Structure formats: C-alpha cells, structure tokens
Amino acid sequence: MFDLKSQLADMLSYLTTSIIIDVGDENVLKKISALKARQNLGQIINEVAFRGNDYIIEQAGRPLVAIIGFEKYHQLQRNYDELL
C-alpha cells in the first residue's frame, strides 16, 4: 500500500542537506539522513574517528541513532558504570 505521508517524509529527509553545528575548535555535531549515511559511511567513520565529529542519523526527520568515537563511548560507559 502506498503511504503518501511516509513517502513525502522520506523524500524530505533525503533532500535535506546535513545540518552542521560548529562548536569552536572542538568536535562538530552533524545531522544526516539514514540514506545519506548509508551512501557515505566511510566518510562518516573517518570524520568520527579522526576529526572527533559526532553524527545524528535521522529517518523521516526523526533521530534514530548517534555515531560517536570510541573514546567518547568508553567515557560514557565508565560514567554509566560509576552511577550503578
């Protein structure tokens, strides 16, 4: 069944360019559609690993996942463990 609302949301998400939020000399948070993330996974991995950028992957304009560097993940995990 054809869901026009869903198709339009997917098209809008696909056509929307990445939103870049600059936080000075530190890392950068980027929002990108799931389709563009699949198409540019290698570049995203390099930006996260070597530049310290973070990504929010969205589908139909809704955030689904975050991609962060391993060191940042490890620090979050340690902080979480300390809370327990």
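The values are calculated or read from the model by the stated rules, or taken from the named source; none is laboratory data. Computed from a prediction, not measured in an experiment: that's the story for all the values here. For neighbour counting, all protein chains shown are included, and Cβ atoms are generated from backbone atoms with ideal geometry for every residue, glycine included. Keep in mind that these areas ignore ligands, DNA and RNA; they rest on the heavy atoms of the full protein, side chains included. Shrake-Rupley method; radii C 1.70, N 1.55, O 1.52, S 1.80 Å.
Assorted remarks:
- List ASP54, ASP81, ordered by accessible area with a 1.4 Å probe, largest first: ASP81, ASP54
- Of every Cα-Cα pair in the range 33-77, the percent that sits beyond 16 Å: 38
- When each of the peptides 72-78, 31-37 is scored by the mean number of other C-beta atoms lying within 10 Å of its residues, the order from highest to lowest reads 31-37, 72-78.
- FRET efficiency for the ARG38 to HIS74 pair, using the beta carbon distance and R₀ = 41 Å, is estimated at 0.95.
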